[in-house]
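Comments concern the structure below.
Rule-based calculations on the coordinates, nothing more; no lab input. Remember, predicted model here, so these are calculated numbers, not experimental data. Using ideal geometry, Cβ is built from the backbone for each residue, glycine included, and neighbour counts are taken over all protein chains shown.
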Amino acid sequence: MSDVIHDGHRARLRKRFLEEGLDSFEAHQILELLLFHVIARGDTNPLAHRLMTRFGSLSAVLEADPRDVASVEGIGEKAALFLTMMPHVTRRYFHDRVLRDQPRLTGSEAVANYLIPLMAGRPEEVFYVLCLDAQCRVIYPALVSEGTVTEAVVHPRHVVEEALRHRAASVILAHNHPAGTLNPSQQDQRVTRRLVQALGPLDIRVLDHIIIAADRAFSFAREGLLPAYQPIAE
């Protein structure tokens, strides 16, 4: 009888999603719906509530370390992997939608539209080098560094290697600020100068350095902070 009740609840929740989407769902109900796909039978409602109690919000559950999610009673490794994979799939989905149109990144707004989905929901700082062709279309978005919440260490050699490997005519530098502060730090400005100087002798121009914080973007070029390449006098 218990399984019949739970099966009926699952059917009602699935039907509601098909008819209404997720907008009217509470956070724990979204978790319930997701858990249906990895927990074949039984009541997932208490599991969803345990997750919300432990992590505090839907986004916190999905962005948590899979090992922490798996430690919640009744969840396990399989369900934890499925839940924490959601932000990664979402990033790929939104980024793929941008890529379908093969946009030319000729302005800071176009670059922001490309980068925001690529960095959405990342809890750690990451640094990308967008390798561009002569028409400013992306050849390859090279992830050159992943760090902590506050810092990603960037080595000029790695940036140069990626630009050469993908035969970039120019590049756009990009990183995120997970804490939400949009303005560049002194370290951000130092890294920008070093990379402009490293790529300049190879005739690879740095078109911009973009900082992403949530759905906002800071452009070094737009704000007049992008340094020019200074050849070393012989």
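By how many degrees, between 0 and 90 and to the nearest 10, does the Cα long axis of helix 108-119 differ from the longest principal axis of the chain?
Taking the Cα atoms of the chain, the angle to 108-119 is about 40 degrees.
What is the local net charge at residue 208, summed over the other residues whose Cβ is closer than 11 Å to its Cβ (Lys, Arg +1; Asp, Glu -1)? Mind dumping the intermediate values first?
On the way: positive: 205, 222; negative: 223.
With Lys, Arg at +1 and Asp, Glu at -1, the net is +1.
Can you compute the charge dipole magnitude of the stretch 106-219 about its Cα centre, using +1 on each Lys and Arg Cβ and -1 on each Asp and Glu Cβ, nothing else charged? Give it in debye, rounded to the nearest 20.
260
Mind checking the dipole of the chain: about its Cα centre, +1 per Lys or Arg Cβ, -1 per Asp or Glu Cβ, Debye to the nearest 20?
In debye, rounded to 20, the chain gives about 380.
Can you tell me, using C-alpha contacts under 8 Å and at least 6 residues apart, the relative contact order of the stretch 2-84 as a whole percent?
It comes to 26 percent, rounded to a whole number.
Please give the helix 156-165 orientation as an angle from the longest Cα principal axis of the chain, in degrees from 0 to 90, rounded to the nearest 10.
In the chain, helix 156-165 runs at an angle near 90 degrees to the longest axis.
Please provide three numbers in whole Å: the alpha-carbon extents of the chain along the principal axes, with the largest listed first.
Sorted largest first, the three principal extents are 86, 33, 30 Å.
Considering only the other residues whose Cβ falls under 13 Å of the Cβ of residue 16, what net charge follows from Lys and Arg at +1 and Asp and Glu at -1?
-1
With a point put 7 Å past each Cα toward its Cβ, work out how far residue 85 is from residue 14 in nm, to one decimal.
Inter-label distance under the simple model: 1.9 nm.
Between the alpha-carbon centers of the stretch 1-79 and the stretch 193-234, tell me the distance in whole angstrom.
Between the Cα centres of the stretch 1-79 and the stretch 193-234 lies a distance of 45 Å.
Return the calculated 222 nm mean residue ellipticity for the chain, to the nearest 500 deg cm²/dmol, obtained by summing -39500 (n - 2.57) across DSSP H runs with n ≥ 4 and dividing by the residue count.
It lands at -14000 deg cm²/dmol.
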